[in-house]
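Taking it in order: structure first as structure tokens, then the write-up.
The values are calculated or read from the model by the stated rules, or taken from the named source; none is laboratory data. Just so we're clear, the structure is a prediction, and the values are computed from it rather than from any experiment. Cβ: placed from backbone, ideal geometry, glycine included. Neighbour counts: every protein chain shown.
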Amino acid sequence: MANENKLQDIIGHCKEYGFVFPSSEIYDGLGAVYDYGQYGVELKRNIRDYWWRSMTQMHDNIVGLDAAIFMHPTVWKASGHVDNFSDPMIDNKDSKKRYRVDHLIEGFVENLDQEKAEAIIAAMEALLAADDFAGLKKLIEENNIKCAVSGTCNWTDVRQFNLMFATEFGAVASDNPDDNKVYLRPETAQGIFVNFLNVQKTGRMKIPFGIAQTGKAFRNEIVARGFIFRMREFEQMEMQFFVRPGTQKQWYEYWKEARMKWHLSLGISDAKYKFHDHVKLAHYADAACDIEYDFPMGFKEVEGIHSRTDFDLKQHQEYSKKKMQYFDNDLDENGKPYGNYIPYVVETSIGLDRTVMMILSEAYELQDLSTEDKKDDRVVLKFPPFLAPIKLAVLPLTKKDGLPEIAEALMKECRPHFRCFTEEKDTIGKRYRRQDAIGTPFCVTIDHQTKEDQTVTIRHRNSMLQERVPMSDIKNIVLKNLEVL
């Protein structure tokens, strides 16, 4: 169930504590574009690194790639994006505001009872699958779905709108603008496909094998909403797994299970996830599903698993006139080599920004710590320690008596192994609360007893439990807790 209040609390918290800022905010911002602050960029990097290790380090047959954002424009003709990368849109004639049809309808049903909402969504999905634009408009009108700005139901016909950003490439002017037109990539996958043979031959890769990539992608979303859930500039983490034709369904099921295990390794309950099978398959797929997470605005896609068949490599072979084939020496059931074929592909594609939002949504907690004598609460981000931006805060009780120097000595010991932080300003209680708010799992207090016996007080974020331990044990205590769940 949607929780708009929690979403707004997370957005405000992210700005106040240096996780996410509106882009170009001093100029009133730019719609659906955000900047990651000092703690947000660390959280994002930790998630990216964990995904990267899980793909390339934990699999002997998956390697990495970093393809350019700019690609030859024919790439996008071959991939189908020029002709097919569109969303059904509708405009309100009074407000002139444009909506993505599915977003307009999904927003409307959020306030309905579950049975009626599910019926409308089912009808919408059937109409989308049939490309029945007249039926979609009728569905909107019959349910009296109004524009949020004008409050009217005065709609245009539904039509397609291409989502790719176009720009000019090079410094030479031309009478025909299309001569220099290139696109900002709407996905990272095509960079993998056009480098399939380069990687396979230079890496001597044997099918089945995968190529993983993280990087920016760009989509001219008409209705971008949900904070960093849907942006016009975003980052993907994708892996394309090349398989023998006929085995793609088996590998599709394998990667569905493997990717769900990865999500559960983040410490999130399986009740917060569900699979959603696609009703309408993309032009390249023979099977597709989403892994959805229960965000504050309800269950939404965070990752897609797609069986892409041989569509992409076959298309690039046709448009480039270069063979995109693999010679398979393995023997079939008749004892003969499989020989030349164009591999099939199973894709896993996860939005990094959506994963950041998922981790923030899961971690954010407002706790009431009030007693009979005192009203008190705290906001805590319960990140898994291995994802937390700061792993350890070292806090000298006072600014004098040599305590800051002891704190710096502990920082020096820990700094090469994990991200740590120290500060001396304010009471120890206020400093604890600031660290809770940015998700630091451990705080260590250096006090006068430390000078006598080299022990410190370590505070655990989730339980707020404090215990006295030797200062020499701190590094190993933290390192042990940084192991993946």
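Assorted remarks:
- Looking across region 20-38 at every residue that is in a loop (DSSP other than H, G, I, E, B) and in contact with a Lys or Arg (Cβ under 9 Å, 6 or more places away or on another chain), the one that is nearest to Ile390 (Cα to Cα) is identified as Gly37.
- Leu112 touching a helix residue (DSSP H, G or I) at 6+ places or on another chain (Cβ under 9 Å) and surrounded by 15 or more Cβ atoms within 10 Å (Cβ to Cβ): no
- Hey, Glu238 under 19 Å from His306 (Cα atoms), charged (D, E, K, R) and part of a loop (DSSP other than H, G, I, E, B) or not: no
- Conditions (1) in contact (Cβ under 8 Å) with a residue 24 or more places away in the chain; (2) surrounded by 14 or more Cβ atoms within 10 Å (Cβ to Cβ): number failed by Glu408: (1)
- Within region 52-70, residues that are farther than 30 Å from Val182 by Cβ sit with their Cβ atoms under 9 Å from residues that are modelled with pLDDT of 95 or more and hydroxyl-bearing (Ser, Thr, Tyr), at 6+ positions apart or across chains, in these pairs: Ser54/Ser265.
- Selection within region 44-88 - over 22 Å from the mean Cα position of the chain (by Cα), polar (S, T, N, Q) and not in a loop (DSSP other than H, G, I, E, B): Thr74, Ser79, Asn84
- Sub-9 Å Cβ pairs linking a first residue in region 95-114 that is closer than 20 Å to Phe295 by Cβ to a second residue that is of a type in the set (Lys, Arg), at least 6 apart or interchain, are His103/Arg225; His103/Arg230; Gly107/Arg225; Phe108/Lys146; Val109/Lys116, ordered by first then second residue.
- Index of the failed condition, Asp66 passing every other in (1) surrounded by 15 or more Cβ atoms within 10 Å (Cβ to Cβ); (2) at pLDDT 95 or above: (1)
- Residue satisfying condition, being more than 27 Å from Ile350 (Cα to Cα), β-branched (Val, Ile, Thr), out of contact with any His (no Cβ under 9 Å at 6 or more places or on another chain) and not in a loop (DSSP other than H, G, I, E, B), within set Ile192, Ile145, Ile140: Ile140
Residues are listed down the side, and each one gets a yes or a no for (1) among the small types (Gly, Ala, Ser); (2) in the same structural domain as His263 (by TED's automatic domain parsing); (3) more than 26 Å from Phe218 (Cα to Cα); (4) modelled with pLDDT under 95:
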site: Pro343; (1), (2), (3), (4): no, yes, yes, no
site: Val346; (1), (2), (3), (4): no, yes, no, no
site: Ser349; (1), (2), (3), (4): yes, yes, no, no
site: Asp377; (1), (2), (3), (4): no, no, yes, yes
site: Ala393; (1), (2), (3), (4): yes, no, yes, no
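- Asp157 vs. criteria modelled with pLDDT of 90 or more, assigned to a loop (DSSP other than H, G, I, E, B) and within 30 Å of Glu106 (Cα to Cα): yes
- Enumeration of residues in region 32-50 that are at pLDDT 95 or above, surrounded by fewer than 19 Cβ atoms within 10 Å (Cβ to Cβ) and in contact with a strand residue (DSSP E or B) (Cβ under 8 Å, 6 or more places away or on another chain): Asp35, Gly37, Arg48
- Matching residues, region 403-419, being of a type outside the set (Lys, Arg) and part of a helix (DSSP H, G or I): Leu403, Pro404, Glu405, Ile406, Ala407, Glu408, Ala409, Leu410, Met411, Glu413, Cys414
- Scanning region 290-301 for residues that are assigned to a strand (DSSP E or B) and either crowded, with 20+ Cβ neighbours inside 10 Å or of a type outside the set (A, V, I, L, M, F, W, C) (or both) gives Asp290, Ile291, Glu292, Tyr293, Asp294, Phe295, Gly298, Lys300, Glu301.
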